[in-house]
Amino acid sequence: PAPHPEPQPIFRCIQEAGGVDDAEMYRVFNMGVGFCAIVPHDPGVVAAVTATVREHGTEVYELGRVVQDERGRIFLPERGLVGEGDAFTAA
C-alpha cells in the first residue's frame, strides 16, 4: 500500500488561516479520510484488497492497525497524536 495520504489542500488552508493545531484538525475534520475498510492483518488479504480497490481506479492506503487497547485510543504516529474519546493530544 501507498504511504499515508496527505490531507487535501483545503484542510491546510483552514489550519493556516485559523491557526489550528493538528490535534484539533483531526478531531473536527478527520482530515478528509472518508471511508475505511478494516481487513485482517494478513499480507495476502491486504494485497488482494489493495489490488481490487486499485482495479476500480481508487487510491488505497494502509492507515494503521487495530490493536487491543482497553481505552480505545487511536494512534497517529506520523503526526505525533493520540486520539481518545473526542480529542487528540500529543503522543
- Give me the accessible area per residue for the chain, probe 1.4 Å, as a whole number in Å². 76 Å²
- Task: With all protein chains present, calculate the accessible area of Val46 using a 1.4 Å probe and round the result to the nearest 10 Å².
- Result: 30 Å²
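About its Cα centre, how strong a charge dipole does the chain have in debye, to the nearest 20, once Lys and Arg get +1 and Asp and Glu get -1 at the Cβ?
Details: 7 positive and 14 negative charges, 17 e Å.
Around 80 debye, computed over the chain.
Of all trypsin sites (Lys or Arg not before Pro) in the chain, which ones are in loop regions per DSSP and have a Cβ with at most 11 other Cβ atoms within 10 Å?
Numbers: sites: Arg12, Arg27, Arg54, Arg65, Arg71, Arg73, Arg79; in loops: Arg65, Arg71, Arg73, Arg79.
Sparse-neighbourhood loop trypsin sites (Lys or Arg not before Pro): Arg65, Arg71.
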- Query: Using the membrane-span-like helix rule (whole DSSP H runs, Cα extent along the own axis of at least 15 Å, mean Kyte-Doolittle hydropathy at least 0.0), which helices of the chain qualify?
  - Reply: 43-55
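Given the rule -39500 (n - 2.57) for each run of at least 4 DSSP H residues, summed and divided by the residues of the chain, what is its mean residue ellipticity at 222 nm, to the nearest 500 deg cm²/dmol? Before the final figure, lay out the partial values.
Values: 3 runs with 31 residues, N = 91.
Here the helix-only value at 222 nm equals -10000 deg cm²/dmol.
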- Note on the structure: Ordering Val49, Val28 by the accessible surface of their heavy atoms, 1.4 Å probe, largest first, yields Val28, Val49
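The values are calculated or read from the model by the stated rules, or taken from the named source; none is laboratory data. Model, not experiment: these values are computed from the prediction. No Cβ is skipped: glycine too gets one built from the backbone with ideal geometry, and neighbour counts run over all protein chains shown. Protein only, heavy atoms only, side chains kept; ligands, DNA and RNA dropped before computing areas. Shrake-Rupley method; radii C 1.70, N 1.55, O 1.52, S 1.80 Å.
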